[in-house]
Amino acid sequence: VAGMAAPTMEERKACWGARDEFWQCLDRHGDEAAECEKLRRAFEARCPQQWVKHFDKRRDFLKYKKKLETEGYHPPEAAGKS
């Protein structure tokens, strides 16, 4: 995506599709999966760099939120000890 111009609808769809394929691969194989490297590169190629950063943070947040919903909140061991 050239410069700071807003992506077209086609570019947005290509970006979101690449992101969805990459995330589905990670869900199937685990977040460190080498099998997903090709999809990661396609995702980075089809999306503006700022979007890639945003979506990476979003995925981390969604995983954290799901963990909280399934396991509950557990404060860090060191909390409150001085």
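Roughly how many debye, to the nearest 20, is the charge dipole of the chain about its Cα centre, given +1 on each Lys and Arg Cβ, -1 on each Asp and Glu Cβ, and no other charges?
So the dipole magnitude of the chain works out to roughly 220 debye.
What figure, in Å² to the nearest 10, do you get for the accessible area of Asp60 with a 1.4 Å probe and non-protein molecules left out?
100
As a check on your grasp of the helix formula, calculate [θ] at 222 nm for the chain: sum -39500 (n - 2.57) over DSSP H runs of n ≥ 4, divide by the residue count, round to the nearest 500.
Calculated mean residue ellipticity at 222 nm is -22500 deg cm²/dmol.
Under a crude label model (7 Å from the Cα following the beta-carbon direction), how far is Asp60 from Asp27 in nanometres?
2.1
For each cysteine in the chain, check whether another cysteine's C-beta sits under 4.7 Å from its C-beta; list those where none does.
Here no cysteine comes out as lacking a disulfide-compatible partner, given the Cβ-Cβ threshold of under 4.7 Å.
Across region 36-53, in residue order, what do the Karplus-derived ³J(HN,Hα) couplings come to in whole Hz, using 6.51 cos²θ - 1.76 cosθ + 1.60 with θ = phi - 60° and x for Gly and Pro?
For region 36-53, the Karplus-derived couplings read 9, 4, 5, 5, 4, 5, 5, 4, 5, 6, 9, 10, x, 4, 4, 5, 4, 4 Hz, x marking Gly and Pro.
Report the semi-axes of the equivalent ellipsoid for the chain in whole Å, largest first, where each axis is √(5λ) for an eigenvalue λ of the Cα gyration tensor.
Working: eigenvalues 196, 53, 25 Å².
Computed over the chain, the values are 31, 16, 11 Å.
If the cut-off is a Cα-Cα distance under 25 Å, which lysines reach Lys53, setting aside same-chain residues fewer than 8 apart in sequence?
In chain and number order, the partners are Lys13, Lys38, Lys63, Lys65, Lys66, Lys67.
In percent, how large is the relative contact order of the chain, given Cα pairs closer than 8 Å and 6 or more residues apart? Can you show the working numbers first?
Details: 33 pairs, mean separation 23.4, N = 82.
Dividing the mean separation by the residue count of the chain yields 28 percent.
In region 1-73, with Lys and Arg counted as +1 and Asp and Glu as -1 at Cβ, which of these residues, Thr70, Cys25, Phe55, has the Cα nearest the positive end of the dipole, that is, farthest along it?
It is Phe55.
By how many nm would the segment from Thr8 to Glu71 lengthen if fully extended, with 0.36 nm per residue of separation less the alpha-carbon distance? All intermediate terms of the calculation are to be shown ahead of the outcome.
On the way: separation 63, 0.36 × 63 = 22.68 nm, distance 4.04 nm.
Roughly 18.6 nm would be gained on extension.
Can you order the peptides 51-58, 11-18 by their average number of other Cβ atoms within 10 Å per residue, highest first?
With the highest mean Cβ count within 10 Å placed first, the list reads 11-18, 51-58.
The values are calculated or read from the model by the stated rules, or taken from the named source; none is laboratory data. Please read these numbers as outputs of a predicted model, since none were measured by experiment. With ideal geometry, Cβ positions are generated from the backbone for all residues, glycine too; neighbour counts draw on all protein chains shown. The accessibility values were calculated without ligands, DNA or RNA, using every heavy atom of the protein model including side chains. Shrake-Rupley method; radii C 1.70, N 1.55, O 1.52, S 1.80 Å.
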